[in-house]
Structures are given as C-alpha cells and as structure tokens.
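The values are calculated or read from the model by the stated rules, or taken from the named source; none is laboratory data. Note that this is a predicted model, so its numbers are computed, not measured. Here Cβ is always computed from backbone atoms with ideal geometry, including for glycine, and neighbour counts include all displayed protein chains. Surface areas here come from the heavy atoms of the whole protein model, side chains and all, with no ligands, DNA or RNA. Shrake-Rupley method; radii C 1.70, N 1.55, O 1.52, S 1.80 Å.
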Amino acid sequence: DAVYFNPAGLTKLGNGFFASINNQTISQTKTVVSNYPYLSGEPKTYVGNVSAPLFPGIYVAYNTGNFSFSAGFNPIGGGGGAKYDKGLPSFEMMIADIVPSLASQGIPTTQYAADIYFEGTSVYFGYQANAAYKINDKLSVAAGLRLVSAKNTYKGHINSISINPTYPAFGAAYNGSMVSAPAFFSDGQTYLNLVSGQLATTATSLQPIINGGGANVPLANGTTVGLTPTQVATLQGTIVSLGGNPTGMTISQTQAFISGASTTYAGKAGIMGANAAATQNIGVDAVETGSGIAPIISVNYSPSDNLDIAVRYEFKTKLELTTKINNNLDGGGLFASGQKIIADMPAMLAIGVDYKPVSKLILSGTFNTYFDKNVDYDGSADIQVNMIDKNFLEYGLGAEYSVNDKLRVSAGWVATKTGVNDNYQSDQEYSTNTNSIGAGFGYMITPKIDLNIGAQYTFYADGSKTYNHLLGETVPVPVTETYKKKTWLIGVGLDFAFGKEK
C-alpha cells in the first residue's frame, strides 16, 4: 500500500512485481440528539447505522533498475451508507411545528405523527498512477496523478403526516382524534373559503342601500333605509361573531368591516391550502456525481539503514458534482435536477517516519495536515459561508514486532483534531476530534505471500451546536443538537512479491 502512502519508497523493494489486495469492513453508528421543545418525545434521539462491508484496496508495482511504476485503487472518501429509520431533526421539526402553529390560531392540537425515513450513501473512488526514481541509495522521488470519481445518493420520504386537532367547524371528524393532516387542511381551506364567500355576498348585498343614500345611516336604524329587523339583527350578530362591536357602526362601516373579514378568511384559506400541499407525502431519490484529478508528489529519504522518512503532498482535487433526480419524486426543495455542487477535496501534506532500534522492532510516527481552509465547503459558488477555522490535523504512533521469521504483531494509535466551526456542523454532516486504537498481525504464508489482519476502534468526542429555529418564519426558538459517533473496522489483506531480489 505504499502505492498510496509512499510512492517514492517503492524503489526500496528491489526489482520485480509486487501486488496487494485488501479489504476493510467498516461499521459506524451516528447519533443526533435534539432538544427542540415541540418534538414528540423531546429530547429526541436519532440513530443512523453506517455499513461498508466492502472498502477495498488494490495496489500493484513494478520495479526495474532505478525506476518504479505503480498503480492503485481504493476509496479515499465517503464509504458506505447511513440509514435513519426515524429521519433526522431537520426533517421532523417542520412537522412538529404544525402543533404550536395551529394552537396559536385557536385550533387545539397536541400530537403529530409521520412515517419518516432517510438513507444517504457517499463513496469517492481513487484511481492512482505513479512513477518513482531512485536518485541514490538514500533518496527517491515520485510523481503521480489520482482520478477521483465521486457519487452521493439520497433516498427518503416523509409520508402519512397526521395530527389531532379539535375543531369540528372544519368537519365532525376533527374532534381530537388522529387524522390526516392534508385532509384537515384541505377541509379547513374549503370551510374558510365558504365563509369568505358568504361574507363577501353579505357585504355586496349592502351596496344598493349605500348607493341609495344610506351609507351614513347607523346600522341600528337600518330599517329606515330598507333593511328588515331580522337583517339588522343578523348583521349585528355577524359583526360580534367576527370580534367587532356594531354599536355606532354605519351601514358603510358595516360593509367595510364584513368585506375586510371576507378578505381575512380568504387569506386564512390560502394558508390552509399551502399547509395541505406542504403535508402531502414527499420523497427524494437523488444522486450527485462528478470527477476530478489531483497531482501527487512524494520523497523518501533514508539517512541510515534503521531510519526512513517519507513526505507526500497531494494537491487539491477540484470536484463539481451534478445532481440528477430519479423517478420524478418531489425532493421537497432539497434537490434540483442539474444543480451543480462544489465538492473539492483539500490538499494535504503527509509525513511518516520509521525507526528500527533493534532488528525485530519497528517504531512509526505520522503527521498529516489537510488544508481545509482553502476549500469551499458550503458547496455553492454564489454564497460564502465560513465553515472552517483551522486545518484538519492527524497524528499517530505505531509499533511492529517480529516474533519470528513468519509472524509479526503490531499496534498503533491515531488522533485527529478537527478545525470546523458551527456553520459546518449539522445533523447530516458533522466533524469532531477522534482517537483510534488498532492492533493486528502479519503472517508470511510463503516467501512470496504475506497475510495481514488488523482491527481498529475509533472514539469520537461529542459535538454540539446551538442555533435558532424559526417557528412560523418569525419566532426564533433556540435548539441544541448533540452529535455522537463510534466506528470499528476489520481489515484483511494479502501481499505478493514476485521476482524480488534477495
């Protein structure tokens, strides 16, 4: 795997053909906890299970004289898919908002329910080719290119939204039982439009009296300009039911009041119609794809037989992903077919050191930095959101001990320090500091075939973010989300050496 980690160091293998085939099986659990007060069961926990049974690496190298030519394939980003059987806070919060929104309109509602599901996958495959040259026994250099092929997929739905309003005016079924939210809002729109129309008709019916000179006549004296006592009483009762006071109102003022109420009800009907549309079943089936190329340079320096130093620099991979909507599903505004997404991968500098204090022991150290501050992580060329405060750091130590001529054992530790800020963190993507421990062994099956098996567990520091969620687009409600993660993996590989010099 020096094809990936240390291309320049391949010249130290000697002449011949070399190959490595390996696979990692990765399992990860991602947990998001939200304290949004209107969520059912707040604080609510959302668990996503990530599984990547296949995370392969294939590397080949051919050395002749002072030259080494190599190629490799391995995922260098993403890997596997996360399934959230209960969705995520950002999906459920907009449904939970229905309850306080209706309550504020005088429609008692205490519960909601929905069928929410989300699954996302992401994999970035890297295809790498290198050429290395041994300048002398101590120094080698290499240059290469990596083609990155990226693919993200998103599948999910929000179905069967239901609520328990108590508002029989919209229909006898709305008595506090769980009912379909789209049906309730549709019936509400019908009812409010009916009321609006009736009020408009009533207001229009007063126009002949106004045209006949009765505009400034008090409504209480309406019988003097042609209204019946029943009509006067009905108009007064209508004004009171609408929250007004008919005392002292003229007929012209009565018409204006009732006409204004008609317009208000028409507006409420429009809101109900919008809510009916917003609570329909929606689904997303989208894919983002793109590719980019990154140059790679590396140097390997061995000042003595027991010390080896490797340096590798990878240039930034410029990636633009294009969105495609499958199956004509409504993505709920999250995705648009043909949309371009910036998904550049940062440049990185990697430094590794091997030191052999005695013949059977190798000590290793690594330090890597990813230049995240030079990457547009908001994904859009039109907006600029600062998501990175510092570059990402990775550092670790390892040791390998040869028990005998065939068996080796090893262990290691790697830590990372993220540099993201709150603008980066979300329930769909977040980054926190980690510590990983691993151990494994190698066994030489034959002088030309070597078996490697290892395991790793990664501990993630908890992350959190507090932000304001707008209720009804006007009322800010503070929300704190907590992000947790844990990962384990098992790796198995076979190395082959053919024609290797003694």
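Laid out as a table, the results:
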{"quantity": "Computed E for Gln198/Ala278 - FRET, C-beta separation, R0 22 angstrom, nearest 0.05", "calculated": "0.25"}
{"quantity": "Size of electric dipole in the chain: Cβ of Lys, Arg +1 and of Asp, Glu -1, about Cα centre, debye, nearest 20", "calculated": "880"}
{"quantity": "DSSP H segments from the chain that extend 20 Å or more along their own axis, Cα-based, with Kyte-Doolittle mean of -0.5 or above", "calculated": "181-205, 251-278"}
{"quantity": "Accessible area per residue, Å², the stretch 1-152 with all protein chains present, probe 1.4 Å", "calculated": "43"}
{"quantity": "Cα-projected label distance for Thr264 with Asn435, points at 7 Å along beta-carbon direction, nm", "calculated": "6.3"}
{"quantity": "Structure-based [θ]222 nm, the chain - -39500 (n - 2.57) summed over DSSP H runs of at least 4, per residue, nearest 500", "calculated": "-5500 deg cm²/dmol"}
{"quantity": "Probe 1.4 Å - accessible area at Phe55, Å² to nearest ten", "calculated": "40"}
{"quantity": "Average Cα contact separation per residue, the chain, under 8 Å, 6 or more apart, as relative contact order %", "calculated": "15"}
{"quantity": "26 Å Cα-Cα reach of Lys30 towards lysines, excluding residues that sit fewer than 8 places from it in its own chain", "calculated": "Lys44, Lys83, Lys86, Lys151, Lys155, Lys373, Lys390, Lys417, Lys465, Lys484, Lys485, Lys486"}
{"quantity": "Residues of the stretch 347-502: accessible area per residue with a 1.4 Å probe, Å²", "calculated": "58"}
{"quantity": "Accessible area expressed per residue, the stretch 159-219, with surrounding protein chains retained (probe 1.4 Å, Å²)", "calculated": "46"}
{"quantity": "Segment Met94-Ala411, extension gain: residue separation times 0.36 nm, minus the distance between their alpha carbons", "calculated": "109.4 nm"}
{"quantity": "Projected label distance in nm at Ile453 and Thr234, using a 7 Å step from Cα toward the beta-carbon", "calculated": "9.0"}
{"quantity": "Prolate/oblate/rounded call for the chain, Cα gyration tensor, a/c under 1.5 rounded", "calculated": "prolate"}
{"quantity": "Charge dipole of the chain about the Cα centre (unit charges at C-beta), most positive-ward option of Gln428, Gln207, Asn368", "calculated": "Asn368"}
{"quantity": "Neighbour cut-off at most 16 other Cβ (10 Å), DSSP loop, trypsin sites (Lys or Arg not before Pro), the stretch 100-178", "calculated": "Lys138"}
{"quantity": "Normalised contact order of the stretch 165-214, rounded percent, pairs of Cα under 8 Å and 6 or more residues apart", "calculated": "23"}
{"quantity": "Estimated inter-spin distance, Glu42 and Thr29, nm [label 7 Å along Cα→Cβ]", "calculated": "2.6"}
{"quantity": "Of all accessible heavy-atom area on the chain, the percent that carbon and sulfur account for (1.4 Å)", "calculated": "58"}
{"quantity": "Within the stretch 344-448, trypsin sites (Lys or Arg not before Pro) in DSSP loop having at most 16 other beta-carbon neighbours inside 10 Å", "calculated": "Lys360, Lys390, Lys406, Lys448"}
{"quantity": "For the stretch 456-473 and the stretch 139-194, distance of Cα centres in Å", "calculated": "22"}
{"quantity": "Accessible area, probe 1.4 Å, largest first, for residues Ile239, Ile282", "calculated": "Ile282, Ile239"}
